[in-house]
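The values are calculated or read from the model by the stated rules, or taken from the named source; none is laboratory data. Computed from a predicted structure; not experimentally measured. When we count neighbours, we look across all protein chains shown, and the Cβ atoms used for this are built from the backbone with ideal geometry, even at glycine. Just the protein is used for accessible areas: all its heavy atoms, side chains included, with ligands, DNA and RNA removed. Shrake-Rupley method; radii C 1.70, N 1.55, O 1.52, S 1.80 Å.
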Amino acid sequence: MIFRKKKDELILDRNRLPRHIAFIMDGNGRWAKKRGLPRTAGHHEGGKALLKVLKKCNELGIEAITVFAFSTENWSRPKEEVEYLMKLPNQYIKTYLPKIKEANIKMNFIGFLDVLPEEMKENIRLAMQETKNNTGMIFTIALNYGAQDEILYAVKQIAREYHEGNITLEDITKEYFEKKLFTNDLPPIDFMVRTSGELRISNFLLWQIAYSELYFVPKLWPDFNEKELRKALIAYQKRKRRFGGIEGV
Ligand code: FPP
């Protein structure tokens with residue numbers, strides 16, 4: 001066992017880690033169902049798994065992680081589950097903010113936040129305020145987020161600027177467009193991980209993952225632990241990133 005750990009330590013090259021990882025934390029419901037528990041118990045356990053992943057990524061020196069906690073499509077789930085998912089960020093912040101703060105992690109939120117319940121907005125403000133001077137990893141929670149709507153929102157802002165004569169067509173570059181996305185001040189996403197075996201992106205960060213490495217793992221999110229994270233990072237380091245070019249040129 002010890003040998004294996006040492007071998008893994010050697011394989012994981014701390015100088016070649018992704019700067020920014022996005023996680024689709026899928027499989028909480030199935031994890032609970034397998035144990036005869038309510039789906040909400042799976043989300044609760046998923047919260048614990050997330051804290052461990054966060055701490056490890058921060059320790060490794062990863063600059064940013066972004067997680068999908070509630071999508072614009074999740075409103076269509078049964079009323080009780082939506083209600084629970086709406087309380088989850090509040091509980092998460094209440095339970096984990098002191099630990100996140102202590103770990104020097106900076107909290108950030110993306111998505112259409114204006115329409116969220118007032119209590120959640122209060123907690124979002126609190127989490128951002130309490131961690132604003134932290135200098136470690138940036139931990140972004142996507143809430144009421146959908147990539148297609150994010151892109152449309154950016155398009156509309158630019159259309160308005162053009163219509164009002166503030167910019168020309170030539171001003172609309174990729175860089176300019178990216179500034180209008182919720183992720184504008186975050187590093188590029190190098191790596192996207194989805195748990196639970198589903199092979200979909202589910203409308204998460206569509207523009208931002210144009211050249212990201214994708215990793216799909218059958219483990220359900222509550223079972224995604226440090227060992228699984230290490231495996232994912234080793235897989236990332238085996239990839240040859242060419243960004244549309246040719247290796248070595
Ligand atoms: C998808 O699993 C997961 C979610 C919709 C919620 C994710 C939330 C957490 C992991 C807890 C941490 C919370 C915050 C606010 C950071 P699913 O319900 O779709 O699972 P299933 O596919 O097995 O049904």
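Some values worked out for this structure:
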{"quantity": "Search result, residues across the stretch 198-231 that are within 13 Å of the ligand (Cβ to nearest atom), more than 20 Å from L12 (Cβ to Cβ), assigned to a loop (DSSP other than H, G, I, E, B) and touching a residue at least 40 places away in the same chain (Cβ under 8 Å)", "calculated": "E198, S202, N203, F204, L220"}
{"quantity": "Qualifying residue in the stretch 1-17 (condition: modelled with pLDDT of 95 or more and closer than 30 Å to E80 by Cβ)", "calculated": "no"}
{"quantity": "Counted residues, the stretch 131-165 - those being among the small types (G, A, S), surrounded by 15 or more Cβ atoms within 10 Å (Cβ to Cβ) and assigned to a helix (DSSP H, G or I)", "calculated": "2"}
{"quantity": "In the stretch 183-196, residue surrounded by the fewest Cβ atoms within 10 Å (Cβ to Cβ) [restricted to those that are part of a loop (DSSP other than H, G, I, E, B) and more than 16 Å from the ligand (Cβ to nearest atom)]", "calculated": "D185"}
{"quantity": "For L143: the one exception among (1) under 24 Å from L51 (Cα atoms); (2) under 16 Å from the mean Cα position of the chain (by Cα); (3) more than 16 Å from the ligand (Cβ to nearest atom)", "calculated": "(3)"}
{"quantity": "Failed item in (1) closer than 19 Å to G146 by Cβ; (2) in contact with a helix residue (DSSP H, G or I) (Cβ under 6 Å, 6 or more places away or on another chain); (3) outside any loop (DSSP other than H, G, I, E, B), with I234 passing the rest", "calculated": "(1)"}
{"quantity": "Candidate set: the stretch 57-80, residues that are open to solvent by 20 Å² or more (accessible area, probe 1.4 Å) and assigned to a helix (DSSP H, G or I); chosen: the one farthest from the ligand (Cβ to nearest atom)", "calculated": "E59"}
{"quantity": "Lone qualifier among A32, A49, A22 - being more than 10 Å from the ligand (Cβ to nearest atom) and either basic (K, R) or open to solvent by less than 30 Å² (accessible area, probe 1.4 Å) (or both)", "calculated": "A22"}
{"quantity": "Verdict on A41 being more than 10 Å from the ligand (Cβ to nearest atom) and part of a helix (DSSP H, G or I)", "calculated": "yes"}
{"quantity": "Failed item in (1) open to solvent by less than 30 Å² (accessible area, probe 1.4 Å); (2) closer than 30 Å to R39 by Cα; (3) in contact with a helix residue (DSSP H, G or I) (Cβ under 6 Å, 6 or more places away or on another chain), with V217 passing the rest", "calculated": "(3)"}
